[in-house]
Amino acid sequence: MHKHYFQPEAETMPVNEIKKLQEYKLIHQVRYVYENVEYYRNLMDAKGVKPEDITCLADISKLPLLSKADLRDAYPYGMLATDIKNCVRIQSTSGTTGKRVVAFYTQNDVDMWEDCCARAIVAAGGSEDDVVQVAYGYGLFTGGAGLHGGSHKVGCLTLPMSSGNTERQIQFMMDLQSTILCCTPSYAAYIGESLKERGYKPGYNTLKVGIFGAEPWTEEMRHDIQNSLGIKAYDIYGLTETSGPGVAFECECQNGMHINEDHFYAEIIDPDTGEVLPEGSKGELVFTALDKEAFPLIRYRTRDITVLTREKCSCGRTFVRMHKPMGRSDDMMIIRGVNVFPSQIEAVLLNNGYAPNSQIIVDRVNNTDTLDINVEMLPEDFSDTPKVITKKEKQLQSAIKTMLGINPIVHLVAPKTIARSEGKAVRVIDKRKKLGINIKFSRQ
Ligand code: DLL
């Protein structure tokens, strides 16, 4: 087991010291934001809370929560806490609905963010000996820029590929002997599949590690990618609103992701009431950026559902760990009254030997929700008789029913007919949205 840290004094700080540091930073940050962000000052005033009311970490629950809706209201400059001339960078979310979230960074903010990504790379075994192929999208998306900056800080040779052009990814991977691949798990699975098609076996490349995140992925998906690429796959988490990737990362124990607590304070709340839940409870993750200068969000609701644990980790890091988020509360579908996450379907597919790239179609017919799942049949099953295919569809249907509690209709479709993803995979088509049916989690 490697035991390297990028910033050991922070990463292994005793828990009581981390809490003291967080308390000190929180008290200062709340005053800084109150004085510099009118939008948040108004929210605090409306709640009747002043910076001097925040004297310890527990006082944080007195502060208002922020949501994506607030960021849209304040778009584009309303959350900026410093003069624009102090900012050196803008990044943005992929923004599938409504206005994009635009985040600003000072040079100190960029440094902090890149340090967090460097910690993730070192925790995955990276060093100056490595060639890091960054196949997350560059541009407004934070994946490319974040891992790129982290890779520089570690001193790795950095290959800024961006996502897409899989042919070229494979050629550079082979020619330049990449050792670490950074991209979304769905793109990693696609690269693995493309390598196999070209007759490469896992041992044919020099890759040893993958650092994958930006979307939910299951343990089954991890095994699948590890086998197809012949690597150890690590998870990395983050969001544009807090900086980007690197808010949390996996160590070699792969038992949850360590949250960089010297920079981010994490809470779990009940998504319906906003109440803070005790440690170990499942709920919505909320972050406070403790030392960001340009875009310092306090109590930002991520919509990600997870659990935090302070159980000791044998890697020596003392930072709290978050479980893999099982999906965003706004990815969750309510089908016939049952909560369904796409990741649950993905897990069943992989467990039954199918590829994870399915298409999930939800609709409402005669006032009843319908769930259809298109799944690619295995290439060797393509010549099966219709009778055998129907039997396999029924088997998969029953495995999914056992997982979800509701009956789907499974369609086995020809191999390679479902679009592959180079970034974040979009697997769900919810036709009920067109009907104006509210199928989201109720909140606030
Ligand atoms: O996805 C930042 C990122 C880039 C993280 C590269 C990791 C690697 P956004 O586009 O703002 O930022 O999307 C943030 O993606 O709230 C989660 O719902 C989801 N997400 C990110 N990482 C993970 C992960 C980037 N490891 C949103 N597991 C977050 C599950 C993840 N979901």
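The values are calculated or read from the model by the stated rules, or taken from the named source; none is laboratory data. Keep in mind it's a predicted model, so treat the numbers as computed, not measured. Don't worry about glycine lacking a Cβ; one is built from the backbone with ideal geometry, like all the others, and counts go over all protein chains shown.
Structure values in brief
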quantity	calculated
Odd one out for Met221, checked against (1) surrounded by fewer than 22 Cβ atoms within 10 Å (Cβ to Cβ); (2) within 16 Å of the ligand (Cβ to nearest atom); (3) more than 29 Å from Val102 (Cβ to Cβ)	(1)
Residues located in region 236-280, provided they are at negative phi, near the ligand (Cβ under 9 Å from one of its atoms) and hydroxyl-bearing (Ser, Thr, Tyr)	Tyr237, Thr240, Thr242
Enumerated strands (runs of 3 or more DSSP E) restricted to region 242-344, each holding at least 3 residues that are within 20 Å of the chain's Cα centre (by Cα)	244-250, 257-259, 264-269, 283-289, 300-306
Filtered residues of region 264-292 (kept if without any contact (Cβ under 8 Å) to a residue 40 or more places away in the chain and either among the hydrophobic types (A, V, I, L, M, F, W, C) or farther than 26 Å from Met333 by Cβ (or both))	Phe264, Leu277, Pro278, Glu279, Gly280
Pair list, Cβ under 7 Å, 6 or more apart: region 293-314 residue outside the structural domain of Asp109 (by TED's automatic domain parsing) and of a type in the set (A, V, I, L, M, F, W, C), other residue more than 10 Å from the ligand (Cβ to nearest atom) and in a strand (DSSP E or B)	none
Some residue of region 94-106 being closer than 22 Å to Glu422 by Cα, of a type in the set (S, T, N, Q) and buried (at least 21 other Cβ atoms within 10 Å of the Cβ)	no
Matching residues in region 300-317 - criterion: being among the charged types (D, E, K, R) and either touching a Lys or Arg at 6+ places or on another chain (Cβ under 7 Å) or away from the ligand (no atom under 15 Å from the Cβ) (or both)	Arg303, Asp304, Arg310, Glu311, Lys312, Arg317
Yes/no for Cys183 being within 14 Å of the ligand (Cβ to nearest atom) and modelled with pLDDT of 95 or more	yes
Where a residue in region 40-62 is within 14 Å of Ile298 (Cβ to Cβ) and its partner, wherever it lies, is at pLDDT 95 or above and polar (S, T, N, Q), with Cβ under 7 Å and at least six apart	Leu57/Gln22; Ile60/Thr288
Residue count, region 271-301 (criterion: touching an Asp or Glu at 6+ places or on another chain (Cβ under 7 Å) and either among the small types (Gly, Ala, Ser) or within 13 Å of Ile259 (Cβ to Cβ) (or both))	4
Wholly within region 1-118, helices (runs of 4 or more DSSP H) carrying at least 3 residues that are among the acidic types (Asp, Glu)	15-36
